[in-house]
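Take a look at the structure set out below.
The values are calculated or read from the model by the stated rules, or taken from the named source; none is laboratory data. Quick caveat, the model's predicted, so the values are computed rather than measured. Using ideal geometry, Cβ is built from the backbone for each residue, glycine included, and neighbour counts are taken over all protein chains shown. Please note that ligands, DNA and RNA were not included when accessible areas were found on the heavy atoms of the full protein model with its side chains. Shrake-Rupley method; radii C 1.70, N 1.55, O 1.52, S 1.80 Å.
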Protein chains: 12
Amino acid sequence: MKDPVYKLIELTGTSTTSIEDAVDKAIKRAHETVKNLCWFQVVETRGNINKGKVEHWQVTIKVGFTVEG
Amino acid sequence: MKDPVYKLIELTGTSTTSIEDAVDKAIKRAHETVKNLCWFQVVETRGNINKGKVEHWQVTIKVGFTVEG
Amino acid sequence: MKDPVYKLIELTGTSTTSIEDAVDKAIKRAHETVKNLCWFQVVETRGNINKGKVEHWQVTIKVGFTVEG
Amino acid sequence: MKDPVYKLIELTGTSTTSIEDAVDKAIKRAHETVKNLCWFQVVETRGNINKGKVEHWQVTIKVGFTVEG
Amino acid sequence: MKDPVYKLIELTGTSTTSIEDAVDKAIKRAHETVKNLCWFQVVETRGNINKGKVEHWQVTIKVGFTVEG
Amino acid sequence: MKDPVYKLIELTGTSTTSIEDAVDKAIKRAHETVKNLCWFQVVETRGNINKGKVEHWQVTIKVGFTVEG
Amino acid sequence: MKDPVYKLIELTGTSTTSIEDAVDKAIKRAHETVKNLCWFQVVETRGNINKGKVEHWQVTIKVGFTVEG
Amino acid sequence: MKDPVYKLIELTGTSTTSIEDAVDKAIKRAHETVKNLCWFQVVETRGNINKGKVEHWQVTIKVGFTVEG
Amino acid sequence: MKDPVYKLIELTGTSTTSIEDAVDKAIKRAHETVKNLCWFQVVETRGNINKGKVEHWQVTIKVGFTVEG
Amino acid sequence: MKDPVYKLIELTGTSTTSIEDAVDKAIKRAHETVKNLCWFQVVETRGNINKGKVEHWQVTIKVGFTVEG
Amino acid sequence: MKDPVYKLIELTGTSTTSIEDAVDKAIKRAHETVKNLCWFQVVETRGNINKGKVEHWQVTIKVGFTVEG
Amino acid sequence: MKDPVYKLIELTGTSTTSIEDAVDKAIKRAHETVKNLCWFQVVETRGNINKGKVEHWQVTIKVGFTVEG
């Protein structure tokens, strides 16, 4: 595959513990249906708050993977 | 589903009448194939012009929905 | 007041009907506590979706008002 | 005209009623002097406030039209 | 409260340990005076350096909360 | 189809020769599975380098196509 | 105060003479009610025009100050 | 003129002395052909350098003026 | 002309062959009516697609030229 | 040094564990050759993926340090 | 080198013929002093005009390379 | 030097008096080690505050200079 073509999809992972964990969960979920994930980039970091504490970190990422030729 | 993962897709809805109607039409169309739509955000508002009048409002949105675990 | 100073606050108005109504509601609410509102600018337009329809338009605006000298 | 060239101009339309009406008024005015308007894109949405109500919606758009060859 | 209005404030939390901890501290502090915090979004991540090590993570967030009607 | 709805997907095409060729390859690949592609916009232009020469141009585009009603 | 929390507010200062003077006036006014101002950043520089001359420079800044623990 | 329409043009003023002077010169020049200038906003501030000193400040502004009905 | 003033106009050039050719065509067309063009900057690169191939590259540029004193 | 001048350099740190660790590694490496590092700001957060897991967090930062007079 | 650190530098390459050639020339020049260049990203595309034709394409890129441990 | 290559570096100049003076000081300092500085562009304008007054204007600029062939 000399000149690969990649597709990018956008996902929001969530976690009660950390930004990294939210990203991991989004990638893990994407990996269930797309096997050749290559890279990601963080698009936005937000979260919801409950009683003065972060309830869920919500991290939106773009994930790129090779499209089979 | 303690830590949900969301997917975002990008759509352009069009309407001869209003921005809101263009958004409604894009969401209505997405709902035909994806049932659990959660939120949207407007990315861009444009339109084409015919004889000095707006012919179609073209509103691009991102729509987020939960990915089944 | 030769050289006025303005303060800007950021609000999100919501509405089940339109973008304009969401902005109106945010400004109406701000006017209850700040009387000299001068201008606004739209920062972001989003919304939540329920059963394939927009439930609430959520429009974030910055509102500027004169600070008494 | 195989390879058309377009010019873009920037206008701010105003309206006491809606964003769409402000855009319509800017395009209608441009159409008085430029006949071949093709498309527009919204650049910014603002407004001025009087006594806690939106007095004028001010919507800045770019309008593209074909330049005669 | 059918059509809630939210206010957004901007805070910079700091921490010697992590980005998450800096966000937590900003939200915890805001919660002392505003009880109904709903969500946050990260605006900027910076820090100061001392002797080649991060001394403080400085994370700027916007925090949204409901305005009582 | 009076008020069409479009979907946008994001792709990265690659080429050893030029930006245009990278875009062509991404569109050609998308056309294999989606027939009614309408327009594209360039999002980012990057590349990898090997021994002081560009090895692959990597051009990320958004491609819009009509969604069947 | 090991891990300080800062709040940022947004102000528009105006001046008939210069950008620096507009910033000075906004900060001076903020200092009347908030004593521990730490830094500012310029967000936007605009102005109004009367008879072909700048009447007022309007400089919008964000000002950060420490929140008492 | 109940609902005015404005046009925005983009100009780069230059000056050997200051940013304000560069803006003044651009507005003064525009005023020679357009009488009803209303406002401006700074888009970019650059300059060229000669022998380690700023030779010309180059300030790009957008200027808005009312379009006669 | 010690302190020149420049005007910037925005054009979209189109070409069936390349980005450079689209820019060349826009500049060539502008040169027919404005003689003292100085520089350009690319604002956006898009295109329309027909049968899985780029039909027209559409490159939007800003072109700066000196305004006669 | 009454009016210090700072230089900013851009670095990408990488880590298999966390965003903070990637930043720490970039700063640690810069500290080997530049002793007076003062602050950093995160520019971009990305990473590469191997078998459905983040292999390396890649965090790009700008680092500022004082330039000796 | 398990966790590499990269440095990014910013260059403007110029060419009388094409965007690609301008990028190639910037990278070729950087390669004379830095051997392990890895990737680049296009930051801005501009050019100067002489007698209605592009004289030089000026393409600004960021180039990343590994910093020896 | 038919097709020059430029390098851009990023500096923050500081001044107790004005934005222009902060830029001048950064350029003057850069000129001590790099002789062929060509142009600059302002990236950010900030400052620190002491007792309700601007203590230092901090202006970040990119400076471009020709790289010897």
Report summary line: Flagged in the range I:13-40 as open to solvent by 10 Å² or more (accessible area, probe 1.4 Å), polar (S, T, N, Q) and closer than 19 Å to D:Pro4 by Cα, in numbering order, are I:Thr16, I:Thr17, I:Ser18, I:Thr33
**Report entry** Scope the range I:34-52; condition closer than 18 Å to F:Val43 by Cβ and β-branched (Val, Ile, Thr); matching residues
**Finding:** I:Val42, I:Val43, I:Thr45, I:Ile49
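Between J:Thr33, J:Thr12, which is among the β-branched types (Val, Ile, Thr), more than 12 Å from the chain's Cα centre (by Cα) and within 29 Å of L:Trp57 (Cα to Cα)?
Working: J:Thr12 fails: more than 12 Å from the chain's Cα centre (by Cα).
Only one candidate passes the filter, namely J:Thr33.
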Query raised in the report: Looking at the range C:43-59, is at least one residue more than 12 Å from chain B (Cβ to nearest Cβ) and not hydrophobic (A, V, I, L, M, F, W, C)?
Result: no
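State yes or no: is J:Asp21 of a type in the set (Asp, Glu) and within 27 Å of L:Ala22 (Cα to Cα)? I'd like the intermediate steps shown before the answer.
Working: of a type in the set (Asp, Glu): yes; within 27 Å of L:Ala22 (Cα to Cα): no.
Judged against the criteria, J:Asp21 is not a match.
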Query - K:Ala30 vs. criteria among the small types (Gly, Ala, Ser), within 7 Å of another protein chain (Cβ to nearest Cβ) and touching a residue at least 24 places away in the same chain (Cβ under 8 Å) - result: no
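Name the residue, out of B:Glu20, B:Glu55, B:Glu10, that is within 22 Å of C:Val43 (Cα to Cα) and in a strand (DSSP E or B). Break it down stepwise before answering.
On the way: B:Glu20 fails: in a strand (DSSP E or B); B:Glu55 fails: within 22 Å of C:Val43 (Cα to Cα).
Just a single option satisfies the conditions, and that option is B:Glu10.
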Query - Which numbered condition D:Asp3 fails, given (1) open to solvent by less than 50 Å² (accessible area, probe 1.4 Å); (2) among the charged types (D, E, K, R); (3) more than 14 Å from chain C (Cβ to nearest Cβ); (4) in a strand (DSSP E or B) - result: (4)
Requested in this report: Search the range C:4-27 for residues that are under 18 Å from D:Lys51 (Cβ atoms) and pair each with any residue that is open to solvent by 30 Å² or more (accessible area, probe 1.4 Å) and part of a strand (DSSP E or B) when their beta-carbon atoms are under 6 Å apart and the residues are at least 6 apart or on different chains.
Outcome: C:Leu11/E:Lys7
Query raised in the report: Restricting attention to the range J:52-61, does a residue exist that is touching a strand residue (DSSP E or B) at 6+ places or on another chain (Cβ under 9 Å), closer than 30 Å to L:Lys28 by Cβ and either open to solvent by less than 40 Å² (accessible area, probe 1.4 Å) or of a type outside the set (A, V, I, L, M, F, W, C) (or both)?
Result: yes
Query raised in the report: Restricting attention to the range C:42-56, does a residue exist that is in contact with a helix residue (DSSP H, G or I) (Cβ under 9 Å, 6 or more places away or on another chain) and in contact (Cβ under 8 Å) with a residue 40 or more places away in the chain?
Result: yes
Report task. Kindly indicate whether any position in the range L:27-36 is at pLDDT 95 or above and in a strand (DSSP E or B). Result -> no
